[in-house]
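Notes to accompany the following structure.
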Amino acid sequence: MSLPTVLDNLIAMVVVLLILSLVVQSIQSGLKKLLKIKSRQIEDSLIDLFEHVLNKAPASGSFLQQSPILRILFWRKHPSESADPQVKHLYDDVLKKFRELGRVAQSGKSMLDSLSKEDLLKVLEKIAPNALTPQLTTSLQAVSDQITVVRKTLESITPDQLPGDTSAKFSDIQATLFPLLNDFNAIVTGTSIKPDVLIGDVINLRQLKLQDAVSTLGEIQAKIEKDLAAARAAATPAGAQPTAASALADASVPTLQKLAGDFNSVAQAITNLRTEFDSAIAPLRGKLKEVESWFDTVMQSFDERYARGMKTWAIVISLAVVVALNANFFTIYQKISTNEVVRNSLVQSQAKLKELEDAAKDKPAEAKSLDGIIKETSGHLNQEAAAYAAFGFAPLSWSQVSNWIHGGGSWAWFRHTAKIAAGWMLMTLLLSVGAPFWEDALESLFGLKSLLRTGSETKNIERKSGAGQPKT
């Protein structure tokens, strides 16, 4: 057998493998969309992530519960049902928020075909705080109480009593703090946290520019202490007769002493506020940091589990396709190598293959109903199965199954069955590699054939023209 014929046999065989791989790919793609496999796998990974972050023991589950497809087929409950209540609460809140943001299927159920770290952190900053840090409500209430102290202390000071430009600086402190304190009171009402409190808002409150207020407060305190020291120096000495200046100083000393005490109280109240705020927000920020740290680890595990699961189901689907279409590797290769018409038609089927490949490629994600997904998948399967049958390969018929059943028992039957099983298994393993692999292999084989043809034509031209012949 010449090298071009062998090459044509290989090309024809790869064409068959590519067509059947497209059948497998269409079924697999349809199942992924129909059963939301990737979304369910991401949901399972979220449970793993929250168990790590909340330091909860992993929920015990059977092998069937670990696979989204097997859970559906065998009616097993979702892993969140057996998870720790705190984990389930956080998981439910996160999915609810994603649904509100439009991450839903046509049926209205959650649909997470992709999940970035930034999206998850934003959602966690928007959900009810108790889901992530149960003690946050108590901590925020302590902050609220301290804010009330700061407000009352500031309101107890009358700006008119302040000397010189100190009054203007005190007004600056009020202008800086009061809006921020009002923002917090918009979140914390009375003695309870609003149900719709936003973690993101609470975290942003940590950005209170208290340092600016404290710096200005220090300047005011220094000014008051300086004025108090000057007033005491100018006060009427013991046993002396007061003058107009010393009398004025005597009158200002109590006022300045009270102001000094009031501003010391303000400084202490602001310091306590910063401490309470740090104590309240630290656990929350810590949990968000844990989510950020664990996300990459858990999602890497998700990628591995998803790829492994898809590989397993690709083998299962490939076997089903091979049996249904009776795609026995040895039978198909024998037909290709002995039937020149079939071989040539397969080799020359690039246009048909291109059409099938374009139809089988994943389009941009669109929300489709179940009927739409089924119709789309059925259309691809019919087209690809028709292309396979067009080359003379017949699917498995009931008569073949019946003859196999009734012919059992003999040595020839066992040998024939073993040959069929071997041919099916070999074809199954080849198909499980995937359509992209066979598409690349086909391009390489066509490139090799073109290279051989070019080399052959060059030799023919040289032979006809006498090029390369020795001169006489």
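The values are calculated or read from the model by the stated rules, or taken from the named source; none is laboratory data. For clarity, every value in this text was computed on a predicted model and none was experimentally measured. Cβ atoms come from the backbone with ideal geometry, glycine included; neighbour counts cover every protein chain shown. What goes into the accessible areas is simple: the full protein's heavy atoms, side chains included, and nothing from ligands, DNA or RNA. Shrake-Rupley method; radii C 1.70, N 1.55, O 1.52, S 1.80 Å.
Numbers for the structure displayed
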item	result
Entirely in segment 1-92, the helices (runs of 4 or more DSSP H) that have 2 or more residues that are open to solvent by 10 Å² or more (accessible area, probe 1.4 Å) and touching a residue at least 40 places away in the same chain (Cβ under 8 Å)	3-35, 37-53
Hits in segment 399-419 - residues which are among the hydroxyl-bearing types (Ser, Thr, Tyr) and either exposed (fewer than 12 other Cβ atoms within 10 Å of the Cβ) or within 46 Å of the chain's Cα centre (by Cα) (or both)	Ser399, Ser402, Ser410
Single match in Glu292, Glu225 (criterion: acidic (Asp, Glu), in contact (Cβ under 8 Å) with a residue 40 or more places away in the chain and open to solvent by 60 Å² or more (accessible area, probe 1.4 Å))	Glu292
Residue that is nearest to the chain's Cα centre (by Cα), among those in segment 379-398 that are over 25 Å from Asn339 (Cα atoms) and exposed (fewer than 12 other Cβ atoms within 10 Å of the Cβ)	Asn382
Residue pairs meeting the criteria (Cβ under 9 Å; at least 6 apart or on separate chains; first among the hydroxyl-bearing types (Ser, Thr, Tyr), in segment 327-353; second part of a loop (DSSP other than H, G, I, E, B) and open to solvent by 60 Å² or more (accessible area, probe 1.4 Å))	Ser337/Met1
Hey, Asp262 touching a residue at least 40 places away in the same chain (Cβ under 8 Å), on the phi < 0 side of the Ramachandran plot and either out of contact with any Pro (no Cβ under 7 Å at 6 or more places or on another chain) or not aromatic (Phe, Trp, Tyr) (or both) or not	yes
Spans of helices (runs of 4 or more DSSP H) in segment 275-389 with at least 3 residues at pLDDT 85 or above and either farther than 30 Å from Val53 by Cα or touching a helix residue (DSSP H, G or I) at 6+ places or on another chain (Cβ under 8 Å) (or both)	329-338, 340-347
Count - residues of segment 120-162 that are part of a helix (DSSP H, G or I) and under 30 Å from Glu292 (Cα atoms)	17
Conditions (1) closer than 15 Å to Leu177 by Cβ; (2) out of contact with any helix residue (DSSP H, G or I) (no Cβ under 9 Å at 6 or more places or on another chain): number failed by Ile270	(2)
